[in-house]
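Visitor: Here it is: the structure, laid out below.
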Amino acid sequence: MLTAILSLSQIRGAGLWLVFWFALAALYFVLLLGVRPLRKKAGVKNTLLAFVAAEVLTDLIWAGVYGYHPVYRNYGIAAVYGLALWPVALAAAGAAALVWGRRKASNKEKTPLWNEQNSLSLSKLAVLLFTGAVAVCDAAGWWLVNWFLRTSRYEGINDTAHLVWGLITLYAASAAAYVLLYNLFRLLANIEAEQVFVPANVRHLRAASWCCMAVAALCLAGAAFYLPMVLVAAAAAFMGLIVRIIKNVFQRAIGMKAELDLTI
């Protein structure tokens, strides 16, 4: 937050940066304080401490990367992706707060610091935080694309065609992201309900893999306007491949489970 405030008069788009920070911070407190153990005095304290730790760490890194430099530095599209540090830091802070909030002593023995339930809670929190990040980017899409075009020094990127390309890419990719995040959340909910090897999970993983591939194809097409998008396309395709392999594993496990049930 401090980095964004100090940058208000120095960096274009710093106001948008600050709105992004506040929106995810509010989402963090709404989600965590919705958990019953964290609504107690100790839980609120742990939530605040974890948040402050995430803020200090993020601000230090942002200050080093985006702070004042005597020579212009063109980060290109990486400048936008660097903001993803904030939802990642908040997800880690939320995990720490959940762990502290659920630790209880019983007969002088403490429960494990980390367990399956905490891991699932962290994953669901991360999905919700990234959903909030995508929503903020959508709400500020016009300003975000304009800021990127104004600050980029890439040859020929400041015309109307690139503005239209940027908006189409942003909203098409965010649509795929919403479908992806929804399917991941449903998958986690099924796992939490101990419904692991069921056909519904295969469908969720298949949909997630196709979303990754759709973003990869979109970014590959966008490389005609901005060549570094090839790197984003490669990363999205790789993630889609990983999810696809996991889907095949789940599908095979369901078949084996059905055969075992018939044998018994």
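Visitor: Take the Cβ-Cβ distance between ALA84 and ALA253 as r, set R0 to 35 Å, and report the resulting FRET efficiency rounded to the nearest 0.05.
Guide: Details: r = 32 Å, r/R0 = 0.92.
It comes to 0.60.
Visitor: Given C-alpha coordinates of segment 159-264, what is the ratio Rg to Rh with the Kirkwood estimate of Rh?
Guide: The Rg/Rh ratio comes out at 1.15.
Visitor: Another question, then. What FRET efficiency would be calculated for the residue pair ALA161, ALA139, taking the C-beta separation as r and a Förster radius of 25 Å, to the nearest 0.05?
Guide: The value I calculate is 0.55.
Visitor: Here is a further query. With r defined as the distance between the Cβ atoms of LEU49 and VAL19 and R0 fixed at 25 Å, what FRET efficiency is calculated, to the nearest 0.05?
Guide: Values: r = 25 Å, r/R0 = 0.99.
Given R0 = 25 Å and the Cβ-Cβ separation, E is 0.50.
Visitor: A 32 angstrom limit on the alpha carbon distance is what I want to check against. Which of LYS45/LYS124; LYS45/LYS247; LYS41/LYS124 exceed it?
Guide: Listed pairs above 32 Å: LYS45/LYS247.
Visitor: Where Lys and Arg each count +1 and Asp and Glu each count -1, what net charge lies around ILE245 among other residues with Cβ under 13 Å from its Cβ?
Guide: Taking every Cβ under 13 Å from that of ILE245, the sum is +4.
Visitor: Could you give each residue of segment 39-48 its phi-based ³J(HN,Hα) in whole Hz, using Karplus coefficients 6.51, -1.76, 1.60 with θ = phi - 60°, and x for Gly or Pro?
Guide: In residue order, the calculated couplings are 7, 7, 4, 5, x, 5, 4, 5, 4, 5 Hz.
Visitor: Return a whole-number percent for the relative contact order of segment 159-264, with Cα pairs under 8 Å and 6 or more residues apart as the contact set.
Guide: The value is 29 percent.
Taken together, the values in this text are just the output of simple stated rules run on the coordinates, not laboratory data. Here the structure is a predicted model, which is why all the values come from computation and not from measurement. A quick note on method: Cβ atoms are made from the backbone with ideal geometry, for glycine too, and the neighbour counts reach across all protein chains shown.
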